[in-house]
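Asks: My questions will all concern the structure given below.
The values are calculated or read from the model by the stated rules, or taken from the named source; none is laboratory data. Every value quoted in this text rests on a predicted model; they were computed, and no experiment measured them. Here the Cβ positions follow ideal geometry from the backbone for every residue, glycine too, while neighbour counts run over all protein chains shown. All accessible areas refer to the heavy atoms of the entire protein, side chains included, with ligands and DNA or RNA removed. Shrake-Rupley method; radii C 1.70, N 1.55, O 1.52, S 1.80 Å.
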Amino acid sequence: MPKTVADIMSHNPVVVRPETPLKEAIQILAERRISGLPVIDNTGKLVGIISETDLMWQETGVTPPAYIMFLDSVIYLQNPGTYERDLHKALGQTVGEVMSHNPITIFPDKTVTEAARLMHDRNIHRLPVLDSESQVIGILTRGDIIRAMAASQDS
């Protein structure tokens with residue numbers, strides 16, 4: 001019988017709220033040696049995820065979009081909306097200002113193979129695991145999948 005996400009996920013993951021100060025989230029990531037945290041609202045529903053990638057904006061800053069001037073008009077060579085979003089991330093002080101919205105999720109009854117395919121196809125490193133009420137009940141990482149593969153080779 002194939003293993004399910006519930007068999008290998010980390011239960012009761014550390015979560016943060018949108019109003020959590022960024023410094024606190026960074027401290028949690030560093031102390032626990034994890035690379036991302038689910039973000040939940042006051043009812044426990046998933047509203048986003050904050051990862052090391054989201055936090056890199058804090059250090060790297062943002063480059064304004066390239067533009068040209070033509071007849072006293074500014075013509076952007078890149079989408080200025082992207083710059084505004086990136087700038088918001090670079091200057092954010094709370095998790096909600098920096099997190100990625102609408103994270104890809106998975107249910108606990110899915111197979112490990114389905115989870116691995118989803119993570120590979122979408123190039124993501126972690127999947128929040130949700131119950132039927134969109135409550136975060138676990139998190140599945142690439143490391144969890146690799147450990148499960150190693151354990152299945154031992155048996």
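Asks: How much solvent-accessible surface does Leu37 expose, in Å² to the nearest 10, with a 1.4 Å probe and all protein chains in place?
Replies: Its heavy atoms expose roughly 0 Å² to the probe.
Asks: Kindly provide the GluC sites (Glu not before Pro) of region 18-47 that DSSP labels as loop, not H, G, I, E or B, and whose Cβ sees at most 15 other Cβ atoms within 10 Å.
Replies: Values: sites: Glu19, Glu24, Glu31; in loops: Glu19.
Here the sparse-neighbourhood loop sites are Glu19.
Asks: Suppose each label sits 7 Å from its Cα in the direction of the beta carbon; what would the Thr53-Ser10 distance come out to in nanometres?
Replies: It is 1.8 nm.
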